[in-house]
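The values are calculated or read from the model by the stated rules, or taken from the named source; none is laboratory data. What you see is a predicted model; the values in this text were computed from it and never measured. Methodologically, a virtual Cβ is constructed for each residue, glycine included, from the backbone with ideal geometry; neighbour enumeration extends over all protein chains shown.
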Amino acid sequence: MVEMLEDSSSLKSTTVGIYRTAATVKGGRRFSFSALVVVGDQQGSVGIGYGKANQVPPAIEKAQKEASRRMRKFPLLDTTIPHAVTGRFGACSVRLIPASPGTGVIAGAAVRAPLEMVGVHDCLTKVYGSTNPKNLVKAVINGLEQLRSKEAIEALRGVTLEKTPVQDAIERGNLTAAVPAAAAEDA
(Lines give C-alpha, C1' and ligand atoms only; values in the text may rest on other atoms or scores of the structure.)
Protein backbone atom coordinates (compact mmCIF):
# COMPACT_ATOMS: atom_id res chain seq x y z
CA MET A 1 0.00 0.00 0.00
CA VAL A 2 1.52 3.31 -1.11
CA GLU A 3 1.00 6.33 1.12
CA MET A 4 2.09 9.96 0.87
CA LEU A 5 4.57 11.04 3.54
CA GLU A 6 3.88 14.78 3.61
CA ASP A 7 1.71 17.15 1.63
CA SER A 8 4.66 19.49 0.99
CA SER A 9 6.92 16.81 -0.55
CA SER A 10 6.27 14.34 -3.33
CA LEU A 11 7.64 11.43 -1.30
CA LYS A 12 5.66 8.21 -1.12
CA SER A 13 6.32 5.21 1.06
CA THR A 14 5.39 1.56 1.08
CA THR A 15 5.82 -0.91 3.92
CA VAL A 16 7.54 -4.10 2.77
CA GLY A 17 7.20 -6.00 6.02
CA ILE A 18 6.40 -5.79 9.71
CA TYR A 19 8.24 -8.20 11.98
CA ARG A 20 7.31 -9.19 15.54
CA THR A 21 9.76 -10.52 18.12
CA ALA A 22 9.02 -11.62 21.67
CA ALA A 23 11.19 -11.52 24.78
CA THR A 24 10.08 -13.75 27.60
CA VAL A 25 10.08 -11.88 30.92
CA LYS A 26 8.78 -12.63 34.40
CA GLY A 27 5.22 -11.51 33.62
CA GLY A 28 4.95 -13.24 30.24
CA ARG A 29 6.04 -12.17 26.76
CA ARG A 30 7.07 -8.66 25.79
CA PHE A 31 6.54 -7.97 22.09
CA SER A 32 8.61 -5.63 19.98
CA PHE A 33 7.99 -4.69 16.34
CA SER A 34 10.24 -3.72 13.47
CA ALA A 35 9.26 -2.37 10.04
CA LEU A 36 11.00 -2.35 6.66
CA VAL A 37 9.89 0.65 4.59
CA VAL A 38 10.82 1.92 1.12
CA VAL A 39 10.47 5.66 0.40
CA GLY A 40 10.75 7.24 -3.06
CA ASP A 41 9.63 10.11 -5.26
CA GLN A 42 8.95 7.89 -8.32
CA GLN A 43 11.31 10.10 -10.33
CA GLY A 44 14.62 8.31 -9.78
CA SER A 45 15.18 8.60 -6.00
CA VAL A 46 14.63 5.85 -3.45
CA GLY A 47 15.75 4.91 0.06
CA ILE A 48 15.15 2.05 2.48
CA GLY A 49 14.69 2.24 6.23
CA TYR A 50 14.38 -0.20 9.10
CA GLY A 51 12.81 0.95 12.38
CA LYS A 52 12.12 -0.78 15.70
CA ALA A 53 9.65 0.15 18.43
CA ASN A 54 7.26 -1.39 20.97
CA GLN A 55 4.28 -0.74 18.69
CA VAL A 56 3.78 -0.89 14.92
CA PRO A 57 3.01 2.79 14.04
CA PRO A 58 6.16 4.21 15.76
CA ALA A 59 8.27 1.51 14.08
CA ILE A 60 6.90 2.51 10.65
CA GLU A 61 7.51 6.21 11.37
CA LYS A 62 11.11 5.55 12.42
CA ALA A 63 11.67 3.47 9.28
CA GLN A 64 10.17 6.23 7.07
CA LYS A 65 12.46 8.85 8.62
CA GLU A 66 15.53 6.66 8.11
CA ALA A 67 14.52 5.87 4.53
CA SER A 68 14.01 9.54 3.62
CA ARG A 69 17.45 10.35 5.07
CA ARG A 70 19.08 7.54 3.06
CA MET A 71 17.52 8.42 -0.31
CA ARG A 72 19.74 8.21 -3.40
CA LYS A 73 19.27 9.15 -7.05
CA PHE A 74 19.44 6.43 -9.74
CA PRO A 75 19.47 6.79 -13.55
CA LEU A 76 16.33 5.69 -15.41
CA LEU A 77 15.55 5.43 -19.11
CA ASP A 78 11.97 6.59 -19.68
CA THR A 79 9.92 4.11 -17.60
CA THR A 80 12.53 1.35 -17.36
CA ILE A 81 16.17 0.83 -16.41
CA PRO A 82 19.02 1.57 -18.87
CA HIS A 83 20.47 -1.95 -18.97
CA ALA A 84 20.27 -5.36 -17.28
CA VAL A 85 22.02 -5.74 -13.91
CA THR A 86 22.33 -8.31 -11.13
CA GLY A 87 22.11 -7.05 -7.56
CA ARG A 88 23.44 -9.15 -4.70
CA PHE A 89 23.11 -9.03 -0.94
CA GLY A 90 23.83 -11.99 1.32
CA ALA A 91 22.45 -15.15 -0.25
CA CYS A 92 20.05 -13.16 -2.51
CA SER A 93 20.63 -12.33 -6.15
CA VAL A 94 18.13 -10.29 -8.15
CA ARG A 95 18.36 -9.95 -11.93
CA LEU A 96 16.75 -6.72 -13.22
CA ILE A 97 16.02 -6.66 -16.97
CA PRO A 98 14.64 -3.64 -18.89
CA ALA A 99 11.29 -4.16 -20.61
CA SER A 100 9.25 -2.50 -23.36
CA PRO A 101 6.59 0.08 -22.45
CA GLY A 102 3.38 -1.52 -21.23
CA THR A 103 5.03 -4.62 -19.79
CA GLY A 104 4.68 -3.57 -16.16
CA VAL A 105 6.84 -4.60 -13.23
CA ILE A 106 7.00 -8.39 -13.18
CA ALA A 107 8.20 -9.01 -9.62
CA GLY A 108 7.21 -10.15 -6.16
CA ALA A 109 6.31 -7.74 -3.38
CA ALA A 110 9.81 -7.28 -1.91
CA VAL A 111 11.40 -6.56 -5.32
CA ARG A 112 8.44 -4.54 -6.65
CA ALA A 113 8.44 -2.01 -3.77
CA PRO A 114 11.83 -0.35 -4.45
CA LEU A 115 11.33 -0.50 -8.23
CA GLU A 116 7.95 1.25 -8.07
CA MET A 117 9.19 3.83 -5.57
CA VAL A 118 12.16 4.71 -7.82
CA GLY A 119 9.80 5.18 -10.77
CA VAL A 120 10.31 2.03 -12.84
CA HIS A 121 7.07 1.00 -14.57
CA ASP A 122 8.43 -1.64 -16.98
CA CYS A 123 10.92 -4.24 -15.74
CA LEU A 124 11.39 -8.00 -15.64
CA THR A 125 12.99 -9.57 -12.56
CA LYS A 126 14.24 -12.95 -11.43
CA VAL A 127 15.31 -13.86 -7.89
CA TYR A 128 18.02 -16.45 -7.28
CA GLY A 129 18.92 -17.92 -3.90
CA SER A 130 17.26 -16.74 -0.71
CA THR A 131 13.87 -14.98 -0.81
CA ASN A 132 14.26 -13.14 2.51
CA PRO A 133 12.41 -9.80 1.95
CA LYS A 134 14.95 -7.73 3.92
CA ASN A 135 17.84 -9.02 1.84
CA LEU A 136 15.86 -8.84 -1.43
CA VAL A 137 15.21 -5.11 -0.96
CA LYS A 138 18.92 -4.54 -0.28
CA ALA A 139 19.84 -6.63 -3.35
CA VAL A 140 17.54 -4.50 -5.55
CA ILE A 141 19.21 -1.32 -4.21
CA ASN A 142 22.61 -2.91 -4.96
CA GLY A 143 21.43 -3.57 -8.53
CA LEU A 144 20.17 0.00 -8.93
CA GLU A 145 23.58 1.28 -7.72
CA GLN A 146 25.21 -0.52 -10.66
CA LEU A 147 23.10 1.34 -13.25
CA ARG A 148 24.85 3.82 -15.53
CA SER A 149 23.17 6.13 -18.03
CA LYS A 150 24.29 6.28 -21.64
CA GLU A 151 25.50 9.86 -21.12
CA ALA A 152 27.63 8.84 -18.12
CA ILE A 153 29.30 6.05 -20.11
CA GLU A 154 29.95 8.40 -23.03
CA ALA A 155 31.55 10.92 -20.68
CA LEU A 156 33.73 8.25 -19.04
CA ARG A 157 34.93 6.76 -22.33
CA GLY A 158 35.08 9.99 -24.31
CA VAL A 159 33.16 8.50 -27.25
CA THR A 160 29.67 8.71 -28.73
CA LEU A 161 27.64 5.52 -28.44
CA GLU A 162 24.97 4.23 -30.80
CA LYS A 163 21.35 3.80 -29.80
CA THR A 164 21.02 0.97 -27.29
CA PRO A 165 18.63 -1.99 -27.74
CA VAL A 166 16.65 -0.70 -24.75
CA GLN A 167 16.15 2.67 -26.46
CA ASP A 168 15.01 0.87 -29.64
CA ALA A 169 12.47 -1.18 -27.64
CA ILE A 170 11.15 1.97 -25.95
CA GLU A 171 10.70 3.71 -29.32
CA ARG A 172 8.95 0.65 -30.80
CA GLY A 173 6.71 0.46 -27.73
CA ASN A 174 5.82 4.15 -27.98
CA LEU A 175 5.03 3.77 -31.70
CA THR A 176 2.72 0.79 -31.15
CA ALA A 177 1.01 2.62 -28.30
CA ALA A 178 0.44 5.64 -30.56
CA VAL A 179 -1.06 3.62 -33.47
CA PRO A 180 -4.15 2.24 -31.62
CA ALA A 181 -4.83 5.70 -30.15
CA ALA A 182 -4.77 7.24 -33.66
CA ALA A 183 -7.03 4.47 -34.99
CA ALA A 184 -9.52 5.07 -32.18
CA GLU A 185 -9.67 8.79 -33.05
CA ASP A 186 -10.45 7.99 -36.73
CA ALA A 187 -13.36 5.68 -35.84
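Quick notes on this one:
- For residue 172, the test of being basic (Lys, Arg), in a loop (DSSP other than H, G, I, E, B) and more than 10 Å from the chain's Cα centre (by Cα) is failed.
- Every residue from the range 5-17 that is under 22 Å from the mean Cα position of the chain (by Cα) and among the hydroxyl-bearing types (Ser, Thr, Tyr): 9, 10, 13, 14, 15
- In the range 18-44, residue nearest to the chain's Cα centre (by Cα) [restricted to those that are hydroxyl-bearing (Ser, Thr, Tyr) and surrounded by fewer than 14 Cβ atoms within 10 Å (Cβ to Cβ)]: 21
- Matching entry among 93, 130, 68 (being among the hydroxyl-bearing types (Ser, Thr, Tyr) and not assigned by TED's automatic domain parsing to the domain that holds residue 168): 68
- Residue 52 vs. criteria basic (Lys, Arg) and over 13 Å from residue 145 (Cα atoms): yes
- Scanning the range 111-137 for residues that are touching a residue at least 60 places away in the same chain (Cβ under 8 Å) and crowded, with 24+ Cβ neighbours inside 10 Å yields 113, 114, 117, 118, 137.
- When residue 32 is tested against (1) at pLDDT 95 or above; (2) closer than 30 Å to residue 174 by Cβ; (3) of a type in the set (S, T, N, Q), only condition (2) is not met.
- Residues that are within 24 Å of residue 9 (Cα to Cα) and touching a residue at least 40 places away in the same chain (Cβ under 8 Å), drawn from the range 72-97: 72, 74, 75, 76, 77, 78, 79, 80
- Flag if residue 47 is surrounded by 13 or more Cβ atoms within 10 Å (Cβ to Cβ), outside the structural domain of residue 131 (by TED's automatic domain parsing), in contact with a Pro (Cβ under 6 Å, 6 or more places away or on another chain) and part of a strand (DSSP E or B): no
- Residue list for the range 132-170, restricted to those being within 26 Å of residue 89 (Cα to Cα), polar (S, T, N, Q) and in contact with a helix residue (DSSP H, G or I) (Cβ under 9 Å, 6 or more places away or on another chain): 132, 135
One line per residue, one yes/no per condition, for (1) modelled with pLDDT under 95; (2) within 16 Å of the chain's Cα centre (by Cα):
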{"residue": "50", "(1), (2)": "no, yes"}
{"residue": "53", "(1), (2)": "no, no"}
{"residue": "59", "(1), (2)": "no, no"}
{"residue": "75", "(1), (2)": "yes, yes"}
{"residue": "78", "(1), (2)": "yes, yes"}
{"residue": "84", "(1), (2)": "yes, yes"}
{"residue": "87", "(1), (2)": "no, yes"}
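- Test: residue in the range 65-78 that is touching a helix residue (DSSP H, G or I) at 6+ places or on another chain (Cβ under 8 Å) and surrounded by 21 or more Cβ atoms within 10 Å (Cβ to Cβ): yes
- So residue 86, is it surrounded by fewer than 21 Cβ atoms within 10 Å (Cβ to Cβ), polar (S, T, N, Q) and assigned to a loop (DSSP other than H, G, I, E, B): no
- Conditions (1) at pLDDT below 95; (2) assigned to a helix (DSSP H, G or I): number failed by residue 159: (2)
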